[in-house]
Amino acid sequence: MRSQKNFYFALTAAIIGFMVAIQFRTVSEPVVRDTRDTWELREDLMAEKEIQSQLLLEIRSNEEKLTKYKNERQQSKAMVLKDTLSELKSEAGLTKVSGPGVILTLYPIGEELGAEVPVSYVSPSLLKRLLNELNLNGAIHAAVDGQRVINTTVIRDINKETKINGRSLKRFPLEIKVIAASAQDAEKLYNRMQASQVIEDFFIDNLQVSIKKPQTDIEIPAYEDTVRIRFMEPVETAKGGG
């Protein structure tokens, strides 16, 4: 029983001693105070303001860059759209084009023989075959008697007259201009058409086809009429532009 009291006494004394030691240490440690004078405080304040000013300038610069990038992106979209529109117009035949190609001339056989041979007219089916043959051999643009040939071009017989885009083909010699993708393609086109069977078939209409050697700069006019689009409607966009 006595030993237990001694234990409690020793424990109590240890706790009190620990608390006294902590209090003594707290009192003995000096309080750290700011010993800077007014000028040093002003200098530190100016330095902080300078850092803040630099940060504001960087923020403003980044905002200007973002605005510039956004404007350039919008302008680039407009330029891409404009270039695409020009390309589509060219492919559709709505613009004048020039480039390397060949010129074919249809004229009555009688002119070469020095005799008068009756000429009826150019067969629409034969003319279509000729144009198809030209396309198969590398032609990308063509015009018949100054009339641009496009995807919607109609060649047909009306009252025994062959018409293209509604214009009659009754004047001879009849000139067909063709443009190829490159000078090399124009040379290939010339060589292949020289041996084409469709050239000989024009004798049926008492016509002969002359093919001039490839030229570097042949000009073909734009399609004159209005292109009518049928069976197409604009797509209705969902709400919110989706």
When a footprinting reagent is the concern and you count Cβ atoms within 10 Å, what order do SER196, SER168 take, fewest first? SER168, SER196
Write down the radius of gyration of region 38-92 and its Dmax, each obtained from C-alpha positions, in Å. 23.8, 81
Averaging the inverse of every distinct alpha carbon separation and then flipping it gives the Kirkwood radius. What is it for region 97-220, in angstrom units? 14.7
Among ILE51, SER61, LEU41 - extreme Cα towards positive end, dipole of region 38-92, charges at beta-carbon: SER61
Enumerate the residues in region 147-167 having an amide nitrogen under 19 Å from the point lying 7 Å beyond the Cα of LYS89 toward its Cβ. 148-152
For VAL198, VAL144, which order do you get if you count the other beta carbons within 10 Å of each Cβ and list the fewest first? VAL198, VAL144
TYR223's amide H: which non-local residues (gap 5+, or another chain) put their own amide H closer than 5 Å, with H modeled 1.01 Å from N in plane and none for Pro or chain starts? LEU94, THR95
Please give the length that would be gained between GLU161 and THR216 if that part of the chain were fully extended, namely 0.36 nm times their separation in residues minus their C-alpha to C-alpha distance (nm, one decimal). 16.4 nm
If you place +1 on the Cβ of every Lys and Arg and -1 on the Cβ of every Asp and Glu, how big does the dipole about the Cα centre of region 97-220 come out, in debye to the nearest 20? 380
Holding the Cα-Cα limit at 28 Å, pick out from LYS82/LYS170; LYS96/LYS128; LYS82/LYS163; LYS89/LYS170; LYS82/LYS212 the pairs that are longer than that. LYS82/LYS170; LYS82/LYS163; LYS89/LYS170; LYS82/LYS212
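Read the figures in this text as sums done on the coordinates, not as results from a lab. Nothing here was measured: the structure is a model prediction, and the numbers come from that model. Because the Cβ atoms are built from the backbone with ideal geometry, glycine has one as well, and the counts that use them run over all protein chains shown.
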